[in-house]
1. Semi-axes of the range A:153-232's equivalent ellipsoid from the Cα gyration tensor, sqrt of 5 times each eigenvalue, largest first, rounded to whole Å?
2. Residues in the range A:235-273, backbone N under 16 Å from the label point at residue A:219 (7 Å along the Cα-to-beta-carbon vector): list them, ranges by number please.
3. Any idea what diffusion coefficient chain B gets from Stokes-Einstein, in µm²/s, Kirkwood Rh on alpha carbon pairs, 25 °C, 0.890 mPa s?
4. Between residue A:267 and residue B:96, what is the label-to-label distance in nm when each label sits 7 Å out along the Cα-to-Cβ direction?
5. Suppose only helical runs count, i.e. DSSP H with n ≥ 4. What mean residue ellipticity at 222 nm does that imply for chain B under -39500 (n - 2.57) per run, divided by all residues and rounded to the nearest 500 deg cm²/dmol?
6. Got the relative contact order for chain B handy, in percent, Cα pairs under 8 Å and 6 or more residues apart?
7. Where a Cα-Cα gap under 14 Å defines reach, which aspartates and glutamates qualify for residue B:10, not counting those fewer than 8 residues away within the same chain?
8. Sort out the exposed loop GluC sites (Glu not before Pro) in chain A (DSSP loop, at most 15 other Cβ within 10 Å) and tell me the longest stretch that has none.
Amino acid sequence: MSDSIHSEIQSSSSIQIRPSRGLLDLELGAVWRYRELLYFLVLREIKVRYRQAVLGVAWAVIQPLFAVVVFTVIFGHFAKFPSDGVPYAVFAFAATLPWAYFAEATQRSANGLVTDASLVSKVYFPRLILPLAMVAAPLVDFLCAFVVFLGVLAWYGISPTLNLVFLPVLLFIAMMLALAIGLLLAPINVRFRDVRHTLPFIIQIWMYASPIVYPLSMVPEQWRGLYSLNPMVGVIEGFRWVLLGTEHPDFVSMAISMVIIAAALFAGLVYFKKHERAFADII
Amino acid sequence: MSDQAAIVVKGLGKRYRLGLARGRHDTMIDLIAARTRDLFRGSKEREEANGQEHFWALRDANFTINRGENVGIIGLNGAGKSTLLKMLSRITYPTEGSAEINGRLGALLEVGTGFHPELTGRENIFLYGAILGMSKAEIVRKFDSIVEFAEIPKFIDTPVKRYSSGMYVRLAFSVAAHLDPEILLLDEVLAVGDLPFQRKCMEFAKSLQAKDATILFVSHNMFSIKNMCERVIYLKKGQIQYDGSVEEGIARYEKDGQLGKLSWGRKDAPENWPIFLERFELLDEQGAERAVFDFGERVRMRLHFEVRESLRNPNVIVLFERSDGVACCNFSSVADGLSLDGVSGGTVAVELLTPPLKLVSELYSIQVIVRENGYQDVLCAQMASSFHVRHELYDMHFGVFHESGTWARGKGQAVPVVKERLYEAQ
């Protein structure tokens, strides 16, 4: 063992332990110092997820692909939903990409503390690391599905538009929304495991409240303003816009929903930090 | 910085809601039901109900630990030891008071928390290292040393779920050992793994001591406490009962533990046991009270039982356990031919006189166990007392006991023969 310890994580030479702390002290510095733990937790999530599965990482693709096939058969073929002038399969796939990521990230960040309960009750680290890792890890699944999507796109002879540069922005919006919800629900989940059982329903309902299997144009005109307050509407329409060259989303509604996300994120951070200190006691 | 105390604890206290431990509201329906009940209760009733829901796991703890000090924290289960360590390691937060920690802190409350069974040894070293607060660069630098210390180079790329429990613990501890902290909080973690590894852990702890690290060490094992610490904090029911020399602290702890039930014995409350050790006297051969015996002395013990049921051939067993947890010998009334068949109701006293003790110089605890019908069900299992054996030479390095053998030396080429009567069966 070497004695040459210089700038290690916990070397913050003095730690003060007190009962209370300011409400707005988010201790983001501590999260930064522990960024390598974040990295290793994300790595763990990615590695563990498909290990010892015969099809391995292929599952990351099979799941959304299967959903797209079901949507295409039921809503595209039988129900004959319109699809903004592009083949229904790509229409649904382009929307399933961000939605699958969002659904996964939301559920995992809301459940992350409970899944790693032993860690929370036996080791100190900034608790924020866990939900952060949980929204970051499904990005890999997204990337895999995205590659397959590009293949499908090529098959149909469609090429993405130059607006593709906005895709990371859209993905980032979905990520922040998932994180905000995760931060708000995780402390409740620590206390009441009901969250774990309720969340899948909510996500399911939310999916049908978003223009995934149907186009935005099917939503009656007078409701569209209210409908577009759902932040995922902008993200999904945005995906179709950059990938398929359909109408661009309503930027005003998007701006509004970004404000909503920012507010929810801030509220989530404060709420999470407020309850964080009791996690180990009640988990 | 160097003359600063490592840990300063002022008025530290932690209050838990009992409701969290017992009958906690795990679902929202439960909570709503409880709140609704509260509505219909009078305000006084409610206060009563809530007042009982709180208890202090630790209260009013004050102490300062200087740099390089090694302090043992002892106490019965539920005395607040783990709560204290959890607060100092920032896993949970105090209700009142404060603590200040100066120096790089490493806390090991459980070895291997955060290991993932599906990941390989190599992957887990990095993950667990990061969880304990090491940087990636630091882990890379120490990687070979970690693997070597854990003695698992061949299995480093095998998922740890295929490891034996010993390998698992070795790897986990090895990572933790390389944390190289200035202040180390240890909760009973050295008590895992096989004997050679435990020895290694002790050596590691000593090496930290040599580096002038500050160690705060929770243990039920008085042997490790005596070995590692020069100061003891004895906690009882959430209060610091004693803070000072190791001998005095352990003596008080053991006195308080007398006649207490042994954790493995019976699950029900001692009030319901068919037989209960009410009083225990530890005497020398002449009948005078003693707690320290010279090697070779005989020990006289008087056991006063309260018998509550008619017992079928009860077997009174007196066990000597060395402070490192080695069961050294036991005396059994059935094996030694004392019949207690048919005792029922009231009190019964039993006396036991041991042969001359050949146990090595150490601290021993005396446990009393009563079994039904020879070696059947445990009727009663209690900690009776403890004693020291004194000898200037024979200590644990000589094993469990020492008895002289007979030797002979050969003359020239001749085979030596010990001239003694053959041992005859008695």
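Every number here is computed from the coordinates shown, using simple stated rules; none is lab data. Keep in mind it's a predicted model, so treat the numbers as computed, not measured. When we count neighbours, we look across all protein chains shown, and the Cβ atoms used for this are built from the backbone with ideal geometry, even at glycine.
1. Values: eigenvalues 174, 69, 35 Å².
Listed largest to smallest, the semi-axes of the range A:153-232 are 29, 19, 13 Å.
2. What the label zone holds, given the 16 Å backbone N cut-off, is A:235-241, A:247-261.
3. Values: Rh = 25.5 Å.
It comes out at roughly 96 µm²/s.
4. In this crude label model, residue A:267 to residue B:96 measures out at 3.6 nm.
5. Values: 10 runs with 109 residues, N = 426.
Calculated at 222 nm, the ellipticity per residue is -7500 deg cm²/dmol.
6. Numbers: 801 pairs, mean separation 58.5, N = 426.
That works out to 14 percent.
7. Hits, sequence-local ones excluded: B:60, B:96, B:100.
8. Numbers: sites that count: A:27, A:247.
By the stated rule (loop sites, at most 15 other Cβ atoms within 10 Å), A:28-246.
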